[in-house]
Amino acid sequence: MHKLNIFEKILARASKRKEVVPGEIVEANIDMAMIHDLTGPLTVHSFRKIGASKVWDPKKIVVIFDHLIPPSTILAATLQKGLREFIKEQGIPTFYDIGQGGVCHQVFPEEGYARPGELIVGADSHTCTYGALGAFATGIGSTEMAAVFATGKMWFKVPKVIRINAEGNLKKYSTPKDLILKIIGDIGEGGAIYKGMEFTGQTFSKMSIDGRLTVCNMVVEAGAKAGIVPPDNKTITYLKKRTKKSFKPLKSDKGTDFEETLEYDVNKLAPQVACPSSVDNVKPASELSNVKIDQVFIGSCTNGRLEDLRLAASILKNRKLHRDVRMIISPASQIIYSQALKEGLFKIFLNAGAIITNATCGPCLGGHMGLLAPKEVCIATSNRNFIGRMGSPESKVYLANPATAAASGITGQITDPKNLRRR
Amino acid sequence: MNIEGKAVKFGDNINTDVILPGKYLELIDPEELGKHALEGLDPTFVQRAREGVIIVGGKNFGCGSSREQAPIALKGAGVKCVLAESFARIFYRNAINIGLPALECDGISKEVDEGDILMVDLQNGLIENKTKNDSLQTATLPPFIMGLLEEGGLIPHVRGLIGKQ
């Protein structure tokens, strides 16, 4: 038997085989499936067309409303109403309605549904986030999800795997976001197409779960099918208080061959920025100080977590936003929202002149709450800067970590936080 | 399965946000979605696609968001088939699942010019460029993917599976 990596082990288990090899196509049993308010309605539409009457296992389905909440149009409200009816009809117990959850890729791990060794699909491309907890998690389309709802199964092509090994300590204002941006800048937008990415080395073992979620969240921006940080004690501690279900942490066999190993030394990594209009157009923040901004967005499934809000607050404390800049902050979940409130972060944000929204994806996808006008420029902590992503096709989006985004809000131009003048 | 149409060319990394912007994700009807296909990138596309076209893309076609509304919008606009150097995996699966043929074809962007008339023989992986009197051979689709397309996509396929149980 050949040595198996973590991706192969999970697919082998889920397809009831002893081993699988890259390129092989297997039919696997799905452990968990997730839909949200924008991909859910089309899933239900396809489910009805299939003619299935009951979902395969209501306990394995999680529904989280996050994209257009509270509904921004009558159509959105109508679709959400229809989805609630489907959830009731099918007896799906794990539903996070408006006010109960927040951004799906924060709520799903926060509530303990992402467990090591599991095979998870979500009708959203950033489902890959859950690899931070040792799961094989990947995004699928709505009709594919309808087939999963009906059968509990899906075909997978066993991916080749790239290993990213990082050593060293991140500097004060450099974050996991900067590391993943650097990696995507190096390998390119299609650099990991169809592949798995395994993250090893001291940098990742020292990294918080929040940070690992940020890294795995963005692997799809390099085209990867899934990214995994091998589960360790941190993973187990994180999950202990969140799930009662037992799980078996799987790891790559020692001496596994990877398609390629990329080595990173993060000691000198400076804050990075992905410039318009592709995520691999990455430059150090310090080289972009001539770029003026109109809006800052701090939030999303990439960087709307508690650590991110604390970091932004450490920059914004006792400072005011530049007069030509507006800042939108969206905590990624209700839990993060109340924790940030309790810690006094909101006071800092409000004093700086920012507005705080409910936990929603809204601004990141140009859905609602802060769309951009033609020629406007936004620096955002989210994961995509494509043409028209946050509004007008003539607007521009720069992607950065929360410290860089906050510092840029103060100066009105893209700013490496280390270059901010002392208070 | 033979498909004929005029080539409409795009470059590398065409993402699903430009294929169908987020503000239209509430739509489900293919025709409605089709009215907005690629509007941010090429406002003339929708009009040109109406006659039935074949998209010729570069590398990593359909990257980004998992929105199935992207291939639905292309199909709704009149796209008969997408040929590309490579596809982003979610887009590829979505296209096949909704019955929009997608074929990976190394070198296609060099061999085809905008407006060339193409004939795609899906069964044999053969692309004939009628304008240039030239042809390109590519790998054939795996049999079960070809089967899905012949059945009209994933919905009729799963309907059949459930019916048998």
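The values are calculated or read from the model by the stated rules, or taken from the named source; none is laboratory data. It should be emphasised that the depicted structure is a prediction, and the values quoted were computed from it without experimental measurement. We place every Cβ from the backbone using ideal geometry, glycine too, and count neighbours over all the protein chains shown. All accessible areas refer to the heavy atoms of the entire protein, side chains included, with ligands and DNA or RNA removed. Shrake-Rupley method; radii C 1.70, N 1.55, O 1.52, S 1.80 Å.
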**Message:** Which one, A:Tyr173, A:Gly141, A:Gln100, is farthest towards the positive end of the dipole of segment A:6-264 when Lys and Arg carry +1 and Asp and Glu -1 on their Cβ?
**Reply:** A:Gln100
**Request:** At 1.4 Å probe size, with no ligands or nucleic acids counted, give the accessible surface of A:Asp294 in Å², nearest ten.
**Result:** 40
**Under 5 Å, built H, 5+ apart or other chain: amide partners of B:Asp116** = B:Ala7
**Complete:** Measure of exposure for A:Phe204: accessible area at 1.4 Å probe, Å² rounded to 10, is 0
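What accessible area per residue comes out for the protein assembly as shown, rounded to a whole number of Å², with a 1.4 Å probe?
Working: 21840 Å² over 588 residues.
I get 37 Å² per residue for the protein assembly as shown.
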**Asked** Which sequence of A:Arg326, A:Arg163, A:Arg384 reflects their accessible areas, 1.4 Å probe, from the largest down?
**Response** A:Arg326, A:Arg163, A:Arg384
**Item:** Alpha-carbon gyration tensor eigenvalues x 5, square-rooted, for segment A:272-419, Å
**Value:** 22, 17, 13
**Prompt:** What list of ³J(HN,Hα) values in whole Hz, one per residue of segment B:111-125 in order, does the Karplus curve 6.51 cos²θ - 1.76 cosθ + 1.60 (θ = phi - 60°) give from phi, with Gly and Pro shown as x?
**Reply:** 7, 10, 9, 3, x, 4, 8, 10, 10, 9, 9, 4, 4, 9, x
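From the helices alone, meaning DSSP H stretches of at least four residues, give me the mean residue ellipticity at 222 nm for chain B, per-run term -39500 (n - 2.57), in deg cm²/dmol to the nearest 500.
Numbers: 8 runs with 56 residues, N = 165.
After summing the helix terms and dividing by the residues of chain B, the value is -8500 deg cm²/dmol.
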**Request:** Report the extension gain between A:Lys244 and A:Leu75 in nm, rounded to one decimal, defined as 0.36 nm multiplied by the number of residues separating them, less their alpha carbon distance.
**Result:** 57.1 nm
**Prompt:** 222 nm [θ] for chain A, helices only, -39500 (n - 2.57) per DSSP H run of 4+, per residue, to 500?
**Reply:** -9000 deg cm²/dmol
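Given axes a ≥ b ≥ c from the Cα gyration tensor, I'd like to know whether chain A is rounded (a/c under 1.5), prolate (a/b larger than b/c) or oblate.
Here chain A falls in the oblate category.
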**Rounded if a/c under 1.5, otherwise prolate or oblate - segment A:153-217, Cα gyration tensor axes** = prolate
**Asked** With every protein chain in place, what's the accessible area of A:Ile348 (1.4 Å probe, Å², nearest 10)?
**Response** 30
**Message:** I'd like the distance separating the alpha-carbon centroids of segment A:375-393 and segment A:306-330, in whole Å.
**Reply:** 19
**Asked** Could you give me the ³J(HN,Hα) list for segment B:133-146, computed from phi with Karplus coefficients 6.51, -1.76, 1.60 and θ = phi - 60°, whole Hz, x at Gly and Pro?
**Response** 6, 9, 9, 9, 9, 10, 4, 7, 6, x, x, 6, 6, 4
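Find the relative contact order for chain A and round it to a whole percent, using C-alpha pairs within less than 8 Å whose residues are 6+ positions apart. Mind dumping the intermediate values first?
On the way: 1041 pairs, mean separation 72.8, N = 423.
Reported as a whole number, the value is 17 percent.
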**Asked** Given +1 on the Cβ of Lys and Arg, -1 on the Cβ of Asp and Glu, and no further charges, what dipole in debye does the protein assembly as shown carry about its Cα centre, rounded to the nearest 20?
**Response** 2440
**Item:** Built amide H within the under 5 Å cut-off of A:Asn281, gap 5+
**Value:** A:Cys275
**Asked** If one computes the Cα centroid of segment A:95-134 and of segment B:1-67, what distance in Å separates the two points?
**Response** 29
**Request:** For A:Tyr194, list long-range residues whose amide hydrogen, built 1.01 Å from N in the peptide plane, is under 5 Å from its own amide hydrogen.
**Result:** A:Lys225, B:Arg89
**Message:** Through the Karplus equation 6.51 cos²θ - 1.76 cosθ + 1.60, θ set to phi - 60°, convert the phi angles of segment A:270-287 into ³J(HN,Hα) values in whole Hz; use x for Gly and Pro.
**Reply:** 9, x, 10, 9, 8, 8, x, 10, 9, 6, 8, 8, 9, 9, x, 4, 4, 8
**Request:** Would you work out which of B:Gly115, B:Cys63, B:Thr131 lies farthest towards the positive end of the dipole of segment B:52-165, given +1 charges on the beta-carbon of Lys and Arg and -1 on that of Asp and Glu, about the Cα centre?
**Result:** B:Cys63
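Give the shape of segment B:2-164 as rounded, prolate or oblate, defined through the alpha-carbon gyration tensor: a ≥ b ≥ c are the square roots of its eigenvalues, a/c under 1.5 means rounded, and otherwise the shape is prolate if a/b is larger than b/c and oblate if not.
Details: a/c = 1.64, a/b = 1.07, b/c = 1.53.
Oblate, because a/c is 1.5 or more while a/b does not exceed b/c.
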